[in-house]
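The values are calculated or read from the model by the stated rules, or taken from the named source; none is laboratory data. Quantities reported herein were computed from a predicted structural model and do not represent experimental measurements. Don't worry about glycine lacking a Cβ; one is built from the backbone with ideal geometry, like all the others, and counts go over all protein chains shown.
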Amino acid sequence: MSSPQQQEQKGPTAVSAPAAQAPQDAPAAPAKSKRKVLIVAAIIALVAIGAGGRMWYRSHNFVETENAYVAGHVHPVSARISGVVTKVLIDDNQVVRAGDVIAELDPFDQGVKVEQIQAQIASAEQQVLQADAQIMQVKAQASSATAQVAQSQAQLLRARQDADRFGQLYNDQMKAVSKAELDAAVAGRASAVADLAARKDNAAAARAQIAAAESARDVLKAQVSVLRVQLKDAQQQLAYNHILAPVGGRIGKRSIEVGQRVQPGQQLTAIVQDNVWLTANFKETQLAEMHPGQEVKVTIDAMPGKELIGTVESFAPASGAQFALLPADNATGNFTKIVQRVPVKIVFKPEDIKALNGRLVPGMSAIAEVAIHQDENKSERKVAAAPATVQ
């Protein structure tokens, strides 16, 4: 058996063994934390390199803009005449076709005008018939006057013959007839001459009356023609009481109600057509390698996660600033160069627009991205086919 002293000596020795191992394990913890830091730094460096590489790649191969908006044809519908609305046949956001009746106005005023002009036309046509009858009457009188002229000419011929005959029978050598008979024959000849002149004047007056009657009839016919034109205008004005849809599309901005009095040119509603496109305002520094026919990836803000494929159709003839109401004047001493933006028209396939069921509407914001290094031959083929697919 061991003595108490030996046990005391063993105790400290047993306790000091783990203490002697601790200094050997202490450097392992800093080494592990150092490795973690290096791993995190390496990951950050790789992520930074990847992000930088992606930014470099995209800057050399893609151009993008958030300044893009959906555009479309918005047709204002207005009244062409003044009147009171009696019927409204549309509702908000309703689909209409070209020629559909949108609203009706009270047709009473235009209807009365049409009837009035029709009555004037009937009266003028009756006057034309009377003028035709008068012309026939005057022509008959002229014919009678012409016949009387012929009769007077025959009587004059006979009177001249009688006067000549009596003149031969009554002279210094021979007194076969009396002086009274000779004087009567001479007087009859003079009377026949005067009568012929009068009959000719009557015939000329009759012919003048024919010309006057025909002129009066032509004036009446011209009045009928004018009235017919006025009737067409009045009938057209009457037809304007039906306000029609000029194109097919959907109703928007409706501001017409029954009982409302409208004036010519007053906008009553608007029709938005389905064929929309995208107007993307790219910076002028992004246009160097863009050309018609390139594919465009379009993301609509209202439809996140849904990507549309469009095609560059054309470029605006001037920057957006040139079309502003008050274009900026850069001819100043304190000049600051500002990158301008040029509108680019991007079109979609009709079937893609149709598949969205009217959710793609003018005014929506979008993001447009163009891969500038595309096959130019492919782009040219798309440009050639674009008019057949885009209305």
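So that you can scan it fast, the table gives a plain yes or no per residue for (1) under 18 Å from A122 (Cβ atoms); (2) under 31 Å from the mean Cα position of the chain (by Cα); (3) touching a residue at least 24 places away in the same chain (Cβ under 8 Å); (4) not in a helix (DSSP H, G or I):
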position: A206; (1), (2), (3), (4): no, no, yes, no
position: A213; (1), (2), (3), (4): no, no, yes, no
position: S225; (1), (2), (3), (4): yes, no, no, no
position: Q230; (1), (2), (3), (4): yes, yes, yes, no
position: I251; (1), (2), (3), (4): no, yes, yes, yes
Can you tell me which residue in segment 131-152 is surrounded by the fewest Cβ atoms within 10 Å (Cβ to Cβ), limited to those that are under 26 Å from A222 (Cβ atoms) and in contact (Cβ under 8 Å) with a residue 60 or more places away in the chain? D132
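Does N202 meet the test of being more than 25 Å from H73 (Cβ to Cβ) and modelled with pLDDT under 85? Walk me through how you get there before you give the answer.
Numbers: more than 25 Å from H73 (Cβ to Cβ): yes; modelled with pLDDT under 85: yes.
The answer is yes for N202.
Would it be correct to say that T279 is modelled with pLDDT of 95 or more and not hydrophobic (A, V, I, L, M, F, W, C)?
On the way: modelled with pLDDT of 95 or more: yes; not hydrophobic (A, V, I, L, M, F, W, C): yes.
Answer is yes for this residue.
Taking only segment 206-218 into account, find how many residues are aliphatic (A, V, I, L, M) and exposed (fewer than 14 other Cβ atoms within 10 Å of the Cβ). Quick ask: steps written out before the conclusion?
The initial filter retains those residues of segment 206-218 that are aliphatic (A, V, I, L, M), namely 206, 208, 210-213, 216.
From what's left, exposed (fewer than 14 other Cβ atoms within 10 Å of the Cβ): 208, 211-212.
Total meeting the criteria: 3.
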What are the residues in segment 235-266 that are within 23 Å of G72 (Cα to Cα) and either polar (S, T, N, Q) or in contact with a His (Cβ under 8 Å, 6 or more places away or on another chain) (or both), if any? P246, V247, G249, S255, Q266
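Given the criterion free of Cβ contacts under 8 Å to residues at least 24 places away in the same chain and either farther than 30 Å from Y240 by Cα or not polar (S, T, N, Q) (or both), identify the matching residue among P264, P304, P292. Steps first, answer last, please.
On the way: P264 fails: free of Cβ contacts under 8 Å to residues at least 24 places away in the same chain; P292 fails: free of Cβ contacts under 8 Å to residues at least 24 places away in the same chain.
Within the list P264, P304, P292, the selection yields P304.
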Which condition number does A122 fail, the rest of (1) under 32 Å from the mean Cα position of the chain (by Cα); (2) farther than 30 Å from S255 by Cβ being met? (1)
Tally time: how many residues in segment 325-349 are modelled with pLDDT of 90 or more and either touching a Phe, Trp or Tyr at 6+ places or on another chain (Cβ under 9 Å) or over 23 Å from T65 (Cα atoms) (or both)? 8
When L287 is run through (1) more than 31 Å from the chain's Cα centre (by Cα); (2) surrounded by 12 or more Cβ atoms within 10 Å (Cβ to Cβ); (3) over 15 Å from T65 (Cα atoms), the failure sits at (3)
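Filter segment 282-321 down to the residues that are assigned to a strand (DSSP E or B) and among the charged types (D, E, K, R), then identify the one that is modelled with the lowest pLDDT. First the steps, then the outcome.
Taking segment 282-321 first, the residues assigned to a strand (DSSP E or B) are 282-283, 295-300, 307-315.
If we keep only those that are among the charged types (D, E, K, R) too, we end up with 283, 295, 297, 307, 313.
Values: K283: 93, E295: 94, K297: 94, E307: 90, E313: 95.
Checked segment 282-321; the qualifying residue modelled with the lowest pLDDT is E307.
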